[in-house]
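Quick notes on the structure that follows.
The values are calculated or read from the model by the stated rules, or taken from the named source; none is laboratory data. Predicted model only: the values in this text are computed from it and were never measured. Here the Cβ positions follow ideal geometry from the backbone for every residue, glycine too, while neighbour counts run over all protein chains shown.
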Amino acid sequence: MLFKNYVNPKAPDDYFAKLNEIMNTYDMWSYNGMFKKNKIAVDKLLNFETQVHFDATAKKGKFPLILYCSGWFSRSPDNTLLAEFLASHGYVVATIPQLGTGSTIFDFKINKERVMTQVLDLQFALETILRMKNLDSKRVGSMGFSVGGIVSLWLSQRDKRVKAIVGLDASYIFDDSAQLAKENVLVKRQGFPILTFYRGHEKQRSNVNLNLIKSLNWANRLVVGMPKATHGEFSDEPYLLSQMNFEPWPRLELNSHDEALSSHYLTIKLAKLFFDGLFLNQMELKELGVKIAAESQKERLVYEQYLEMD
């Protein structure tokens, strides 16, 4: 499948054609920004051959579902490599576009109403996609990048079918967003598993605040700090820029190519390890924590663990 199929989805109902056109405009705005409006690089990206097979035949059996929540005002598929990697290892990965509170004009101010709109849209999508016969409704997880991390957290509060979440430099650990995130964290889901990654680059870590995640003492929280990572490295930006051989890297200039890719690959590896332990291997959280701690230590990451009622 070519990358352009991510950006230009074809809905079976013509009713959605106008919406798809609007979403394409916003997604292309994001990709043009990534490549500094370099038309050659953007065209190369759109025609990039991914590892995905379009309209692939479904395998027999029931598979775990991972709902992905993109960063705020970001392109819809902003973690394609992570999604493709999980899909190649027995997961169904699904996401939806950010529509905001309007029907034709997108207003992405970060406030309770607008973030909750995305949560409700995702919950509706969950209800719809679980009609597929090859999905296991007892093995549903969610992961979110940036403000998408708050969306994942709130979704898990509203819908008990979500059994675990991963926060990819999630905004619930930022000083300026933690209070917003806290507003809809009201349900104490005892033992609920949460894996949180956070950036540690010296020029971006000043507003990282783990107080909210530490306060959720009803949950099992595994926290991984990436000492050299910047915010964008928790999205697919490093991977896409490297595949296009595009230099310099906008927004990633704080790290070398290898450092940015290393942080992204480690995030993917540990996210898969987390979901595998819960959904494929039925591991206890303490045992899973030991594995993630060992991997973190090997890669010189910062690992903390706060188990239920610790």
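Within region 52-63, is there a residue that is hydroxyl-bearing (S, T, Y) and surrounded by fewer than 19 Cβ atoms within 10 Å (Cβ to Cβ)?
Going through region 52-63, the residues hydroxyl-bearing (S, T, Y) turn out to be 57.
Filter once more, keeping what is surrounded by fewer than 19 Cβ atoms within 10 Å (Cβ to Cβ): 57.
Scanning region 52-63 turns up at least one residue that is hydroxyl-bearing (S, T, Y) and surrounded by fewer than 19 Cβ atoms within 10 Å (Cβ to Cβ).
Residues that are closer than 26 Å to M34 by Cβ, of a type in the set (G, A, S) and more than 19 Å from the chain's Cα centre (by Cα): does region 213-222 have at least one?
Looking for residues that are closer than 26 Å to M34 by Cβ, of a type in the set (G, A, S) and more than 19 Å from the chain's Cα centre (by Cα), one finds none in region 213-222, hence no.
Collect the residues in region 1-23 that are modelled with pLDDT under 85, among the polar types (S, T, N, Q) and part of a helix (DSSP H, G or I), keeping them in residue-number order. Quick ask: steps written out before the conclusion?
So the first thing to find is which residues in region 1-23 are modelled with pLDDT under 85, and the list is 8-23.
Those left that are additionally among the polar types (S, T, N, Q): 8, 20.
If the condition is that a residue be modelled with pLDDT under 85, among the polar types (S, T, N, Q) and part of a helix (DSSP H, G or I), then N20 is the only one that fits.
Filter region 64-76 down to the residues that are surrounded by 20 or more Cβ atoms within 10 Å (Cβ to Cβ) and either modelled with pLDDT under 95 or part of a loop (DSSP other than H, G, I, E, B) (or both) and list them by number. I'd like the intermediate steps shown before the answer.
Taking region 64-76 and keeping what is surrounded by 20 or more Cβ atoms within 10 Å (Cβ to Cβ), we get 64-72, 74-75.
Once the filter is applied, which keeps residues that are surrounded by 20 or more Cβ atoms within 10 Å (Cβ to Cβ) and either modelled with pLDDT under 95 or part of a loop (DSSP other than H, G, I, E, B) (or both), region 64-76 yields C69, S70, G71, W72, S74, R75.
On the given criteria, is I22 surrounded by 11 or more Cβ atoms within 10 Å (Cβ to Cβ), touching a strand residue (DSSP E or B) at 6+ places or on another chain (Cβ under 7 Å) and of a type in the set (V, I, T)? Before you say what the answer is, go through the steps one by one.
Working: surrounded by 11 or more Cβ atoms within 10 Å (Cβ to Cβ): yes; touching a strand residue (DSSP E or B) at 6+ places or on another chain (Cβ under 7 Å): no; of a type in the set (V, I, T): yes.
So I22 fails the test.
Which condition number in (1) touching a residue at least 24 places away in the same chain (Cβ under 8 Å); (2) under 20 Å from L2 (Cβ atoms) is the one that K39 fails?
Every condition holds for K39 apart from (1).
The conditions are (1) at pLDDT 90 or above; (2) of a type in the set (A, V, I, L, M); (3) farther than 23 Å from D176 by Cβ; (4) surrounded by fewer than 21 Cβ atoms within 10 Å (Cβ to Cβ), and L222 fails exactly one of them. Which is it?
Of everything listed in (1) at pLDDT 90 or above; (2) of a type in the set (A, V, I, L, M); (3) farther than 23 Å from D176 by Cβ; (4) surrounded by fewer than 21 Cβ atoms within 10 Å (Cβ to Cβ), L222 misses just condition (4).
Under 8 Å between Cβ atoms, at least 6 apart or on separate chains: pull out the pairs that start in region 262-283 with a residue that is in contact (Cβ under 8 Å) with a residue 60 or more places away in the chain and end on any residue that is of a type in the set (V, I, T).
Between residues of region 262-283 that are in contact (Cβ under 8 Å) with a residue 60 or more places away in the chain and residues that are of a type in the set (V, I, T), the close pairs are L270/V224; L270/I292; A271/V166; F274/V166; F274/I292; F275/I66; F275/V166.
Could we say that D43 is more than 22 Å from A271 (Cβ to Cβ), among the acidic types (D, E) and at pLDDT below 90 here?
On the way: more than 22 Å from A271 (Cβ to Cβ): yes; among the acidic types (D, E): yes; at pLDDT below 90: no.
Taking the combined requirement at face value, the residue does not satisfy it.
Just to confirm my filter: which helices (runs of 4 or more DSSP H) fall fully inside region 234-308 and include at least 1 residues that are modelled with pLDDT of 95 or more, of a type in the set (S, T, N, Q) and within 19 Å of L168 (Cα to Cα)? So that I can check it myself, show each step before the final result.
Details: elements: 237-243, 257-275, 285-298.
In region 234-308, 257-275, 285-298 are the helices (runs of 4 or more DSSP H) which contain 1 or more residues that are modelled with pLDDT of 95 or more, of a type in the set (S, T, N, Q) and within 19 Å of L168 (Cα to Cα).
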